[in-house]
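S.K.: Right, I'll just put the structure down here and ask away after.
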Amino acid sequence: MGIKTAQLMTSAFRSFFRFLFQKEELQAYLAASVPTVADWRLSTVPKFLTAEEIERTIKACDRRTATGRRDYTILLLLARLGLRAGEVVALQFEDINWRAGEILVRGKGLIHDRMPLPADVGAALASYVRRDRPPCQTRRVFVCMKRHAGPLLVPRH
């Protein structure tokens, strides 16, 4: 729930408890027990990053290591194509059409979209698959870089 919705809900609870207290349905004044919802300036995660912040984040990847190159490729998919983390994690080899220069994105609600694969993203993806991806049984493109590699997982919220 968003901050404004939570503030509205707490205000409604306070009003309801005041009403019940005035009608003598409650013995205690519970309105005072409803906590406030903090809404400090800059206290939430930003809705988006600026172009400069995105570039700085992408450049922060240590591309001298396999993990850094994997992370760089993931960040390019997120930034250049606007994919969600779950869409990147779900990417499979069958979803990449190298000849057509496009990928199949498995989105929310069983929606599948074909998207163009920009040259820089395609080059990073091909490099990761050829040089850095550890051998494993999964058809997912991105895997953990540990000894017993498996698909990356996105935490559920």
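S.K.: Quickly work out the S33-to-L8 label distance, labels modelled 7 Å from Cα along the C-beta direction, and quote it in nm with one decimal.
M.R.: The modelled label-to-label distance comes out at 2.6 nm.
S.K.: Could you run the Debye sum over the Cα atoms of segment 1-74, one equal point scatterer each and no solvent, and tell me log10 of I(q)/I(0) at q = 0.24 Å⁻¹, two decimals?
M.R.: -1.01
S.K.: Where in the chain are the DSSP H helices whose alpha-carbon span along the long axis reaches 27 Å or more and whose Kyte-Doolittle mean is at least -1.0? Let's see the in-between values first.
M.R.: On the way: long enough: 3-22 (28 Å, 0.43).
Span-like helices, by this rule, are 3-22.
S.K.: Another question about this same structure. Provide the per-residue ³J(HN,Hα) series for segment 107-113, in order, calculated from phi with Karplus coefficients 6.51, -1.76, 1.60 and θ = phi - 60°, each as a whole number of Hz, with x at glycine and proline positions.
M.R.: x, 5, x, 6, 8, 10, 10
S.K.: Right, here's the next one. As an exercise, identify the trypsin sites (Lys or Arg not before Pro) in segment 21-91 lying in DSSP coil whose Cβ has no more than 10 other Cβ atoms within 10 Å. Mind dumping the intermediate values first?
M.R.: On the way: sites: K23, R41, K47, R56, K59, R63, R64, R69, R70, R80, R84; in loops: K23, R41, K47, R63, R64, R84.
Answer by residue number: K23, R41, K47, R64.
S.K.: Can you compute the modelled spin-label distance between R99 and A51, with each label point 7 Å from Cα toward Cβ, in nm?
M.R.: Computed distance between label sites R99 and A51 equals 3.6 nm.
S.K.: Which residues' amide hydrogens lie under 5 Å from the amide hydrogen of Q92, considering only partners 5 or more residues apart or on another chain, with H built in the peptide plane?
M.R.: Sorted by chain and number, the residues that satisfy this are V141.
S.K.: Let me ask something else about it. Report, by chain and number, residues whose modeled amide H sits under 5 Å from the one on C144, excluding near sequence neighbours (fewer than 5 apart, same chain).
M.R.: Sorted by chain and number, the residues that satisfy this are G150, L152.
S.K.: Could you check the spin-label model distance between C136 and A85? Points 7 Å from the Cα along Cα→Cβ, value in nm.
M.R.: Modelled inter-label distance: 1.7 nm.
S.K.: I've got another one for you. Amide H to amide H under 5 Å from E102: which residues, 5+ apart in sequence or cross-chain, H placed 1.01 Å off N in plane?
M.R.: N97, L117
S.K.: Ignoring everything except DSSP H segments at least 4 long, calculate the 222 nm mean residue ellipticity for the chain; use -39,500 (n - 2.57) per segment, divide by total residues, nearest 500. Could the numbers behind the result be given before it?
M.R.: Values: 5 runs with 59 residues, N = 157.
So the helix-based figure for the chain works out to -11500 deg cm²/dmol.
S.K.: Another one. Please list, by residue number, every one of the GluC sites (Glu not before Pro) in segment 1-55 that is coil in DSSP and has at most 13 other beta-carbon atoms within 10 Å.
M.R.: Values: sites: E24, E25, E52, E53, E55; in loops: E24, E25.
Those that pass, being in a loop and sparsely packed, are E24, E25.
S.K.: Separate question: Two decimals, Cα atoms only, Kirkwood Rh: what is Rg/Rh over the chain?
M.R.: Working: Rg = 23.7 Å, Rh = 19.3 Å.
Rg divided by Rh gives 1.23.
Any read-out appearing in this document is the output of simple, stated calculations on the displayed coordinates, not a laboratory observation. Small disclaimer: the values here were computed from a predicted structure and weren't measured. Note that each Cβ is placed from the backbone with ideal geometry, even for glycine, and that neighbours are counted across all protein chains shown.
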